[in-house]
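Chemist: Sharing a structure below in structure tokens format, with a few things to ask.
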Amino acid sequence: NQKKFILSPGYISGLAQSDGSFFCTISLSPNSLYGIQFRPKFTITTDLDSKYVLDEIQLYFNCGTIKVNIKNHTAEFEVSRLLELKNIIIPHFLKYTVFCAKLHAFNLLNQIVTALINKEKRTIEGRRELLKMALSMNITNNRSEDRLNLLYSLLNVTDIKDKTLIPISSDILKVDPILCSNDHISGIIDGDGSVFVSFQKNGIIKTGFNITGDKNSKSLLEAIQLNLKGIGSINEGTKNELILVVNGIKQITEVLIPFIDENPLFSERAQHYEKFKTVSLILKNNNPLTISLENKLKIVELCYDMNKKGKRRLMTKSEYIELLKAL
């Protein structure tokens with residue numbers, strides 16, 4: 001069911017920080033200069049259940065298209081027209097910025113869009129610059145070595161310096177906490193955040209919260225942590241990612257829940273949050289070691305199947321209920 005909400009520009013930038021992408025497709029085109037066509041794009045991808053958020057974003061910008069992928073259960077908002085990028089998308093993110101690696105990609109997209117609209121960089125040297133900028137926008141891409149070699153050969157790129165990607169500057173990796181607004185953080189949580197309830201084999205039930213970022217996002221996570229009154233800790237994950245983790249029930253109930261209530265989530269995560277909030281408040285008012293079986297069964301019924309419908313649980317719902325009764 002589509003939710004009614006007021007979409008703020010800061011929230012959109014926060015969601016773009018998490019689930020958005022600034023990139024440039026590079027296609028072979030005999031009708032383009034030197035056989036290469038550059039098409040800069042901006043996208044935001046969500047779970048299909050949250051498509052209504054993208055519908056509102058499309059209305060907000062009054063441009064772009066939304067594509068649905070039933071197989072992957074996703075929806076994607078995309079803007080690829082140069083004038084829409086120049087006149088709508090770029091001005092938005094100049095005013096309501098993204099941070100770290102995402103800002104690096106946005107800055108390069110801005111330069112590419114400007115060059116294409118103004119018909120600049122049309123010499124072979126200029127096309128090499130565009131290629132270098134396009135390849136430098138994101139850390140990971142799906143371009144094979146053969147594909148890269150073909151692109152380089154079309155532009156006669158042989159010097160190693162022309163193949164060296166543009167690094168992210170140290171200044172871009174610094175985030176001013178003041179610029180990281182509350183609605184921006186709400187958008188980030190809606191994209192890269194997770195609220196969860198863990199059911200342990202000893203019968204103890206706990207709630208937790210985290211935000212996951214890439215290895216270049218440490219200062220952003222620190223800014224979020226500061227705006228959340230310093231709760232939680234930032235740890236390195238098993239895949240070289242960084243994770244802001246909050247597990248303390250006092251931090252969750254006294255800081256995190258009031259923050260999210262004041263700066264609400266809009267995606268399908270909002271449904272998970274309401275269950276997480278209910279359980280957290282139950283746990284706050286009870287000793288985790290002595291909480292009654294009645295309350296534990298209430299929690300199981302409420303949220304054992306939340307987040308991927310409980311597929312990642314080590315025990316089925318009925319198995320865990322039997323375990324609780326046996327303790």
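Chemist: How far is helix 218-227 tilted off the main Cα axis of the chain, in degrees rounded to 10, range 0 to 90?
Modeler: That helix lies at roughly 50 degrees to the long axis.
Chemist: Going Cα to Cα from Lys41, which lysines come in below 17 Å? Please leave out same-chain ones fewer than 8 positions away.
Modeler: Lys67, Lys86, Lys102, Lys132
Chemist: Across the Cα atoms of the range 29-94, what radius of gyration and what greatest pairwise Cα-Cα distance (Dmax) are found, in Å?
Modeler: Rg then Dmax for the range 29-94, in Å: 14.1, 43.
Chemist: Given Ser144, Pro258, Gln37, which one lies farthest toward the positive end of the charge dipole of the chain, if we put +1 on the Cβ of every Lys and Arg and -1 on the Cβ of every Asp and Glu?
Modeler: The residue sitting farthest along the positive end of the dipole is Ser144.
Chemist: With charges only on Cβ, +1 for K and R and -1 for D and E, what is the dipole size of the chain about its Cα centre, in debye, rounded to 20? Let's see the in-between values first.
Modeler: On the way: 42 positive and 34 negative charges, 92 e Å.
Here the size comes out at about 440 debye.
Chemist: Here is a follow-up. Each residue of the range 15-28 in turn: what ³J(HN,Hα) in whole Hz from Karplus with 6.51, -1.76, 1.60 and θ = phi - 60°, glycine and Pro shown as x?
Modeler: After applying 6.51 cos²θ - 1.76 cosθ + 1.60, I find 5, 5, 4, 8, 10, x, 8, 10, 8, 9, 6, 10, 10, 7 Hz.
Chemist: Using DSSP to define loop residues, name the trypsin sites (Lys or Arg not before Pro) in the range 25-106 whose beta-carbon has at most 13 other beta-carbon atoms within 10 Å. Kindly include the intermediate steps, with their values, before the conclusion.
Modeler: Working: sites: Lys41, Lys51, Lys67, Lys71, Arg81, Lys86, Lys95, Lys102; in loops: Lys71, Arg81.
Sites meeting the loop and neighbour criteria: Lys71.
Chemist: Cα extents of the chain along the three principal axes, largest first, in whole Å?
Modeler: Here the Cα extents, ordered largest to smallest, are 75, 38, 38 Å.
Chemist: Taking the Cα centre of each part, how many Å lie between the range 205-253 and the range 65-126?
Modeler: Rounded to whole Å, the Cα centres lie 29 Å apart.
Chemist: Continuing with the same structure: Using DSSP to call loops (not H, G, I, E or B), can you name the trypsin sites (Lys or Arg not before Pro) in the range 187-234 whose Cβ has at most 11 other Cβ atoms within 10 angstrom?
Modeler: Details: sites: Lys201, Lys206, Lys215, Lys218, Lys229; in loops: Lys201, Lys215, Lys229.
Answer in residue order: Lys201.
Chemist: Next up: Only Lys, Arg, Asp and Glu count, each charged at its Cβ (+1, +1, -1, -1), so figure out the dipole size of the range 64-150 about its Cα centre, rounded to 20 debye.
Modeler: Numbers: 14 positive and 8 negative charges, 27 e Å.
The dipole of the range 64-150 has a size of about 120 debye.
Chemist: Within the range 228-297, how many Lys pairs sit with Cα atoms under 28 Å apart, leaving out pairs fewer than 8 places apart on the same chain?
Modeler: 13
Chemist: For the range 17-56, which chymotrypsin sites (Phe, Trp or Tyr not before Pro) pass both filters: DSSP loop (anything but H, G, I, E, B) and at most 13 other C-beta atoms within 10 Å? Intermediate values should be presented prior to the final figure.
Modeler: Numbers: sites: Phe22, Phe23, Tyr34, Phe38, Phe42, Tyr52; in loops: none.
In loop regions of the range 17-56 (DSSP not H, G, I, E or B), there are no sparsely surrounded chymotrypsin sites (Phe, Trp or Tyr not before Pro).
Read-outs throughout are calculated quantities, based only on the coordinates presented, and are distinct from any laboratory measurement. Remember, predicted model here, so these are calculated numbers, not experimental data. As a convention, Cβ positions derive from the backbone with ideal geometry for all residues, glycine included, and neighbour counts pool all protein chains shown.
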